[in-house]
Amino acid sequence: IESFINHATQTALITIDVYLPLVHATIHSKAFLETIYNLVGNDLLLWQPAAPQPFGGTSVHFGSSIYPEDSESESSDDSKSRDAPIESNIGNESSVAFTLNIKRGSATAYTQNGQLLVKLVNGSLFYVGCYEGNPLLDYLCIGMEKCQLHYKVGIPQENGKTGFDLPTLATSDIDPILTPSSIRDLSTGRHSSGESGDKMLTTVIKLNYDKPNLKHCMVTTLVSGAMLHHKFVEEDRNWLKQIMDLFELTDNDVLGYDPPVIITQVHLHFEGCCVEYHPYLPQLTQTNSTLIHPLLTIHSMSLSSNIVADSPTSFFHILLDNASLYLATSTERTSLQDLVRVVEVGLLEVSLKINNATKSTNKAPLIDLSIYNNKVRVESCADSFAALINIVRTFVNGILYQQTISIAGYFNIPPPANPKITWSHKFVTTSIFFPAIQHSFSCQAMLSSSGSMYEDSVTDLLADAMTDVAHHVPRTLREGNNKTHRFPITPDDTQFCIIEDPAPGSMDDPEIRYISDVSPICYHDNHFPPVLGKLDQLSAPSSFSSPQLRYSVKELTCTWHMYGGYDLPTSKKQGRDKNTLMEIHLSKVRVRHEIFDEESKEDARSVIIVTEFEVRDRLTTSQINKFLYQFHSEASPKQSQANMLTIKLLQYKPEGSHTPAECKLKVSLQPLKLNIDQDTLDFISKFFENLTMELGKEDPAVEQEETNKEPTSPISNRTETEFVEEVQLSNIQKPLFFREIIFSPEVPIRLDYHGKHIDTDQGTMAGLLMGLGQLNCSQLKLKKIVHRHGILGADKLINFLLNEWAADIRKNQLPSILGGVGPLHSVVQFFQGVHDLFVLPVEQYKRDGRVVRGLQRGTSSFGASATMATLELTNKLVWLVQKAAETTYDVVSPPELHSRREKQNWRTLGRHASRHKQPSDMREGFNNALTVVRSGVSDAAYSIARVAQEEHEQKGLTGAVGGVLRHLPPTLVKPVIIASEATSNVLSGMRNQILPDAKREDDQKWK
């Protein structure tokens, strides 16, 4: 920018430089500013001199003679050599360059409900007209090294004041809005050349007149190292609303001048900025509780939009890169190390498309909001997560408060002529993030009965304040609404199952069983139409009407790190315990919420799809790797197109104003595998107990105030605050009625549990069961539920599902659960093979009469089951021998060996050492066994030799003999450990070769 300014200044015909060391300005009223704006902008700048052209219109150039005889006396070569460069320079010269530099300045503006104060340091303004000889191109550059914006509520507007007064308010007496960031280690990430790197605010405006009646205005702004202080107040006291009202000026008509149509492109970029949110919590201000101040840091964020007059479609785009949310209990902080980070966002892309209902001809939604994100990581303890939830509550309540006050302000606005959802863009844009207000009550019933909402030109201008991006939408998406699909239901393979698992080694060809007596069977080609392209599982069936509002999360990957301990110093306990950690991973989450118009029988539709989710165990005291994940094997393979969790909710319009909304719910879930360690289970239970306790802390005075609240009066006599409270209560007092609930298909769950110690805090019997219980491959199923009798409320729905599953488990599934207790799984597996040996031939004979086929299946099942059961029981017996040998080794080892036990002792491998780095087949198992034997023998020999040498150097021959004798007992026990470990490797290799799924499960289960 500095190079551009220097170039434009050097090539300008007229250069004006103004330097002001100190500037104080005061705007007493909006009328005063409007008068100055019209006098300067619409009067002085439009003035053009009407002087006659000298010498009959002949242009005079500097450096040339005005007399004809002088020009004739000069040679033609000299004339050409002199005139040519002058003409080229004149063609590239700008008309005027104006520069204004202000060392220090401040401006005070009196608004309707307060006072604005702006302070700047080293500010500059540069304007160049007719840049490089182009009369249709102008530039305006504004830069500020430091700037501050403050706002004070409650100061009366100084109307009618003619004198000039300097600002009387000090910075400490007025609320800060925008200030330089006080965080030292907040990286700005500037990618410029460094010329404007020290400026807090840089703005460049390009003015281009393509046609006489069309003006393109491109505004680009860079904000670096700024801090925004945000808090929710009433709309008429909001600083942004006051600034918009102050600069909403009226242009006086100028005779003979028609203002051009302006197309404005706005590009904002923020680097190294932060936002401090001041939540308003009355229950905390009335007590001695400490208020939590959240701080949002933004590494880089870009905003772009267009302002196109009379455009049917508007577009707004936000691109956020690397943002973090911190929590602090003190407002005085200078470093990020003093804060607690709870949320980290990678790349976030937000696209907002607004269609004007009065101008758009297609059936596109009135608002289409889509969000894409590649990473969201939440790191919290129980107290910090509770504080985060409370902050989100206050933020949503603040939005609800402003939205409801905004709706109440529309009481005197006439409704649209057509009784449909045809709100103005001003109303819809303010209701983007809280559409439930429109469902709680009918906005049209509260408005008057005449006129139109689109009569306000300012509202239309705000409606079109974004770009027309219809050409950015892919053709397939634009044409998708006009196509008619024969199958409105998306194909779903989640309900397919394996009917029969053929026996391994079978050479029989698959056969088709003919059910029809008609021979031959006729085949109709292309009976089912082929599916073109990839189906969008979030889209509604074609029979549904076009939605009015649509909110979509295209792809979201989220990770939640649950730490032990406490983050906030108000707890007066230890800090975050990084050795106690659980991770919840959600991959490729897609969400869509659609709201339909009044003519449709559907009210809203919501779809939640989770492609994959896992819970990982990161406790140092646990050997489990994955606590929860999707289970699949060769018998039940993983379905590539199936999502792990799918929730679909279709809401219908209520029949009356006092009846609850009705909906249909469908949930599908993939098979699960649970690996539970006792320490992990204790941590999860304590974490959510602390979270519930932190969320349940409320001020009794506030509860008493809410209890004693009197009923509100009619709309005509109530205040805006009472209106907001009634809307909030109406939303809470109307539970959702679930007309139909479908949970399909049934979900098999495999459960492994490993108890470690007895804890009698939860009861003696429960402590014994939790400590001594061992479950291996226990199976239970969540049965399929189809309920069409209706349930009122989400809490009753959850209780109904839990009761149905618990009753089914107690009645039908206890044997499959108890079959995994201790070594019973291997015993049950062996007897299952015996059962298949006799039952499968009989079933095969009853089915098609092939006895040989049945014998093959029964023999194969018995061989596999008996072999696996024998290997499992033998491996458990070997593990018991190894455990006893390790205990004996610890008892008979001399003290000097205990210091090296953590590095080379077998016990450090843990209870399930044989399951670490499982061999894939028998060959690899033998290789691992040989490696274990070789390393164990060499370590034992090296240990004895080293001890003998050290003792001989200190005490001579007697010491050497004594050292060898002290190490002789553990040396005699060590071969037992080596032999058991080698045997375990061989047995594991045999098991994994027979059943490859066992190795995959162990790799996912153990660390």
(request) For the range 252-271, enumerate the residues that are open to solvent by 70 Å² or more (accessible area, probe 1.4 Å) and part of a loop (DSSP other than H, G, I, E, B). (result) 252, 253, 255, 256, 257, 258, 259
(message) Please count how many residues of the range 10-22 are open to solvent by less than 40 Å² (accessible area, probe 1.4 Å) and not in a loop (DSSP other than H, G, I, E, B).
(response) 1
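Looking only at the range 110-130, count every residue that is open to solvent by 30 Å² or more (accessible area, probe 1.4 Å) and in contact with a helix residue (DSSP H, G or I) (Cβ under 7 Å, 6 or more places away or on another chain) and tell me the total. Don't jump to the end; show me each part of the working.
Narrowing the range 110-130 to residues open to solvent by 30 Å² or more (accessible area, probe 1.4 Å): 112-113, 118-122, 124-125, 127, 130.
Add one more test, that the residue is in contact with a helix residue (DSSP H, G or I) (Cβ under 7 Å, 6 or more places away or on another chain), and what stays is 112-113.
The number of residues fulfilling the criteria is 2.
Which count do you get for residues in the range 831-874 that are crowded, with 19+ Cβ neighbours inside 10 Å and among the aromatic types (Phe, Trp, Tyr)? Before you say what the answer is, go through the steps one by one.
At the first step, the residues of the range 831-874 found to be crowded, with 19+ Cβ neighbours inside 10 Å are 833, 836-837, 840-841, 844, 853-854, 856-858, 860-862, 865, 868-869, 871-872.
Checking which are among the aromatic types (Phe, Trp, Tyr) leaves us with 862.
Number satisfying all stated conditions: 1.
Which residue out of 42, 134, 101 is out of contact with any strand residue (DSSP E or B) (no Cβ under 8 Å at 6 or more places or on another chain), open to solvent by less than 80 Å² (accessible area, probe 1.4 Å) and at pLDDT 85 or above? Outline the logic, then answer.
On the way: 42 fails: at pLDDT 85 or above; 101 fails: out of contact with any strand residue (DSSP E or B) (no Cβ under 8 Å at 6 or more places or on another chain).
Answer to the check: 134.
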(message) Looking only at residues that are within 17 Å of residue 988 (Cα to Cα) and open to solvent by 50 Å² or more (accessible area, probe 1.4 Å) in the range 884-919, which one is modelled with the highest pLDDT?
(response) 917
(request) Scan the range 551-577 residue by residue and report those that are at pLDDT 90 or above and either of a type in the set (Asp, Glu) or farther than 30 Å from residue 605 by Cα (or both). (result) 561, 562, 563, 564
(request) Output yes when any residue across the range 808-823 is under 39 Å from the mean Cα position of the chain (by Cα), closer than 30 Å to residue 662 by Cα and without any contact (Cβ under 8 Å) to a residue 60 or more places away in the chain, and no when none is. (result) yes
(message) Between 872, 886, which is touching a residue at least 40 places away in the same chain (Cβ under 8 Å), of a type in the set (Asp, Glu), closer than 25 Å to residue 755 by Cα and assigned by the TED database to the domain that holds residue 951?
(response) 886
(message) So for the range 619-632 (the condition being open to solvent by less than 60 Å² (accessible area, probe 1.4 Å), closer than 24 Å to residue 325 by Cβ and modelled with pLDDT of 90 or more), does at least one residue qualify?
(response) no
(request) Please work out which one of (1) in contact with a helix residue (DSSP H, G or I) (Cβ under 8 Å, 6 or more places away or on another chain); (2) surrounded by fewer than 19 Cβ atoms within 10 Å (Cβ to Cβ); (3) not β-branched (Val, Ile, Thr) is the condition residue 604 fails and give its number. (result) (2)
(message) With the condition being modelled with pLDDT under 90, I'd like the strands (runs of 3 or more DSSP E) fully within the range 741-855 carrying at least 2 qualifying residues.
(response) 774-782
(message) Need pairs with beta-carbon distance below 7 Å; first residue under 22 Å from residue 261 (Cβ atoms) and within the range 199-215, second at pLDDT 90 or above and of a type in the set (D, E, K, R); sequence gap 6+ or separate chains.
(response) 207/138
(message) Go through (1) open to solvent by 20 Å² or more (accessible area, probe 1.4 Å); (2) under 24 Å from the mean Cα position of the chain (by Cα) for residue 674 and report which single condition fails.
(response) (2)
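State the number of residues belonging to the range 647-663 that are over 21 Å from residue 547 (Cα atoms) and open to solvent by less than 50 Å² (accessible area, probe 1.4 Å). Even if it seems obvious, please write down each step before you answer.
Applying the first criterion (over 21 Å from residue 547 (Cα atoms)) to the range 647-663 yields 656-660.
Still in the running and open to solvent by less than 50 Å² (accessible area, probe 1.4 Å): 656, 660.
Going through the range 647-663 one residue at a time, the tally reaches 2.
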(request) Among the residues of the range 930-988, count how many are touching a Lys or Arg at 6+ places or on another chain (Cβ under 7 Å) and surrounded by fewer than 13 Cβ atoms within 10 Å (Cβ to Cβ). (result) 0
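The values are calculated or read from the model by the stated rules, or taken from the named source; none is laboratory data. Keep in mind that this is a model prediction, so the values were computed, not measured. As a convention, Cβ positions derive from the backbone with ideal geometry for all residues, glycine included, and neighbour counts pool all protein chains shown. Remember, those area values only see protein heavy atoms, side chains included, never the ligands or the DNA or RNA. Shrake-Rupley method; radii C 1.70, N 1.55, O 1.52, S 1.80 Å.
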